[in-house]
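The structure appears right after this line, and notes come after that.
The values are calculated or read from the model by the stated rules, or taken from the named source; none is laboratory data. Source: prediction; values computed, not measured. A quick note on method: Cβ atoms are made from the backbone with ideal geometry, for glycine too, and the neighbour counts reach across all protein chains shown. To get the accessible areas, we keep the full protein, side chains included, count just its heavy atoms, and leave off ligands, DNA and RNA. Shrake-Rupley method; radii C 1.70, N 1.55, O 1.52, S 1.80 Å.
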Amino acid sequence: MPESRGTPVLQVPSSGAQTLPGSTTPANACDAHLHIYDSRFQAVAPTVEQATTEDYRRVQALLCTRRAVIVQPRTYGTDNSATLDAIARLGAASTRGIAVLHPDVTDDALERLHAGGIRGVRFSLYTQANAAVGFDMVETLAHRIAGLGWHLQLHWTADQFAAHRDLLLRLPTPIVFDHLARLPLPGGTDHPAFALVSELLARGNGWLKLSGAYLDSIVGEAGRYADIAPIAKAWVRTAPERLVWGSDWPHFTEPDRKPDDALLFDLLTDWAGDDTVRHRILVDNPARLYGFGSE
């Protein structure tokens, strides 16, 4: 751990961080949401930047996190080679991955993905631009992966969650909701998706990522994402045992001004309220969800 928190740092790739975080990092803390973009692998959708495993090591050094979850980006469609490679490079014992797949994936392929560290399948449908999957694939694929102990990870809008309520309530796998469930402002927790996701968390069939504060904030980094804090704190009050934290590095949705990853990490201190809850979110919960320490 650095001798002095909050001190200046060299520029971190794809990050606006200028100093180390002010908050300390517990041992085995996990960054449960990041993406890797590597030109060694063929892209099927446009990307203008690179964000390699070596770049991400500098983010880990900044945050002092040890464990990581690599989420397959749209760039590579259903070819998960870049994600598998990144898991191996960062270390299989401390890294997991989330794939993008179609329901026709073979059993042998699923077994290979599991052996390579994949523990879930993502449906990123908040926009249809370059989407590799569709809503019609969700239930079929959920049944395909249930026996592996995997989960579905959903990056949908709050309206999409509400519209697919019946589907979500009958899925046979755990569900991980991306980016605070994308509750829109100014309504926030008044949106019907909050009650739906809360129900799934209470059932023990849901998890939620405290990530992407900048995606729906109106006040932005200048306001330290203060308008997102009530939503994040509501999730902490609702189900602290079902939450994980993620950086969402390398923030490719923000090409003009990269978010400060040290600030994003420090937000959790305020959201969690105390060190015990924060430790649960950074260490205990991701260990349960992704199977860290169970090798």
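Does the range 91-148 classify as rounded, prolate or oblate by the C-alpha gyration tensor (a ≥ b ≥ c root eigenvalues; a/c under 1.5 gives rounded; else a/b over b/c gives prolate, otherwise oblate)? Oblate shape, in that a/c is at least 1.5 and b/c is the bigger or equal ratio.
Based on DSSP H segments of at least four residues, each scored -39500 (n - 2.57), the chain has a per-residue ellipticity at 222 nm of -9000 deg cm²/dmol.
Within the accessible area of the chain, the carbon and sulfur atoms contribute 50%, probe 1.4 Å, all protein chains present. Between residue 163 and residue 254, the distance separating the two model label sites (each 7 Å from Cα on the Cα→Cβ line) works out to 2.8 nm.
Based on every Cα atom in the range 147-271, Rg and the maximum pairwise Cα distance Dmax equal 14.3, 45 Å. Sequence-distant contacts, meaning Cα pairs under 8 Å at least 6 residues apart, place the relative contact order of the range 65-204 at 18 percent. May I ask for log10 I(q)/I(0) of the range 30-290 at q = 0.08, 0.15, 0.16 Å⁻¹, from a Debye sum over the Cα atoms as equal point scatterers with solvent left out? Per q value, in the given order, log10 I(q)/I(0) is -0.28, -1.10, -1.28.
Inter-label distance, residue 199 to residue 234: 1.6 nm, where each label sits 7 Å from its Cα along the C-beta direction. A 1.4 Å probe run over the range 30-290, with the rest of the protein chains in place, finds 38 Å² accessible per residue.
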